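Report on one structure; see the data block that follows.
The values are calculated or read from the model by the stated rules, or taken from the named source; none is laboratory data. Every value quoted in this text rests on a predicted model; they were computed, and no experiment measured them. In this analysis, Cβ positions are derived from the backbone assuming ideal geometry, glycine residues included, and neighbour counts consider all displayed protein chains.
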Amino acid sequence: MSTMPAQHGHSEACCNIPPVVSKGYEEKGSYDEVGSYKTYVTGPADATKGILCVYDVFGYFPQTIQGMDILATSGAQKYRVLVPDWFKGEPCPIEWFPPNTPEKQRNLGNFFQKFPPQIVADSIPFYIKAAQDKYPEIKDWGIIGFCWGGKVTTLATSNENSAFKAAAACHPAMVDPADAQGVKAPLIMLPSKDEDVEAVKKFEEGLKVPHRIETFPDQIHGWMAARSNLEDPRVREEYTRGYKTVLDFFSKHL
């Protein structure tokens, strides 16, 4: 399917991921203010490449934070990773999933009305400008998004003035083939078993940039972020491989 064939082996020069912590993860970074956003910042202070994270609707979760710590220091290239609090302290409660009651469905509808992907994507250039002012040593930027954040990533990399040299969308929500032609940065997309297969296929056919699409066929929507059950050995294995795959792609394009 992909113009870049999937490879389950990865260069040791690219990725040396430490053992994934299943429970009680202790974050390696710290929180700062960038622009008007509380931001989790991780990675070496002298890193010349940065990665902006657009988390899933559940906000700061240990599984997502651990993933960002992995990206920051597990490759041959070190990155400064920034995770803004896009929801200003009001993420979606994970208890609303699955949305199997009218109340949960109503709550979710209100949440997505308040935080539509396009509104957040439109705010990213301003955030990157603030980040560049605060961290001038960072010369090149990548972006990674999860679930809802995958849609934001696609939209953000379609901006004519996008600062991003590479992008990753992990188990992306709302995959729309019409978005593909606008993407201007090399893109890796890692769908789960829950993404629409035909939509993903048509999305890939519409891409005009270097890309890699690899489906993780036995993983749920969310396995690299907040919904990941890292106490399950198989999930932990594929969580690790997912981050290795992203790092491998970024090492080539960012």
Of residues in the stretch 68-77 being modelled with pLDDT of 95 or more and of a type outside the set (Val, Ile, Thr), the one nearest to the chain's Cα centre (by Cα): MET68
Based on this model, can you work out whether SER158 counts as hydroxyl-bearing (Ser, Thr, Tyr) and surrounded by fewer than 21 Cβ atoms within 10 Å (Cβ to Cβ)? yes
Filtered residues of the stretch 107-166 (kept if assigned to a strand (DSSP E or B) and aliphatic (A, V, I, L, M)): ILE143, ILE144, ALA166
Within the stretch 173-212, of all residues that are surrounded by fewer than 17 Cβ atoms within 10 Å (Cβ to Cβ) and in contact (Cβ under 8 Å) with a residue 60 or more places away in the chain, the one farthest from HIS253 (Cα to Cα) is LYS201
Some residue of the stretch 66-85 being among the basic types (Lys, Arg) and either out of contact with any helix residue (DSSP H, G or I) (no Cβ under 8 Å at 6 or more places or on another chain) or within 19 Å of VAL120 (Cβ to Cβ) (or both): no
In the stretch 172-189, is there at least one residue being assigned to a helix (DSSP H, G or I), hydrophobic (A, V, I, L, M, F, W, C) and within 16 Å of the chain's Cα centre (by Cα)? no
Just the residues that are of a type in the set (Lys, Arg) and closer than 21 Å to LYS78 by Cα, please, taken from the stretch 140-187. LYS165
The one condition in (1) more than 19 Å from VAL21 (Cα to Cα); (2) within 18 Å of the chain's Cα centre (by Cα); (3) assigned to a helix (DSSP H, G or I); (4) not charged (D, E, K, R) that TYR243 fails to fulfil: (1)
Return the residues of the stretch 91-109 that are within 24 Å of MET68 (Cβ to Cβ), at pLDDT below 95 and not hydrophobic (A, V, I, L, M, F, W, C); say none if nothing qualifies. PRO93, GLU95
So which residues in the stretch 222-237 are in contact with a Ser or Thr (Cβ under 9 Å, 6 or more places away or on another chain) and buried (at least 20 other Cβ atoms within 10 Å of the Cβ), if there are any at all? GLY222, TRP223, MET224, ALA225, ALA226, SER228, VAL235
Any hit, the stretch 122-132, residues being β-branched (Val, Ile, Thr), surrounded by 23 or more Cβ atoms within 10 Å (Cβ to Cβ) and under 19 Å from the mean Cα position of the chain (by Cα): yes
First in the stretch 224-241 and farther than 22 Å from TRP96 by Cα, second anywhere and outside any loop (DSSP other than H, G, I, E, B) and modelled with pLDDT of 95 or more, Cβ under 7 Å, 6 or more apart: GLU238/PHE216
All positions within the stretch 133-151 that are buried (at least 21 other Cβ atoms within 10 Å of the Cβ) and farther than 16 Å from VAL83 by Cβ: LYS151
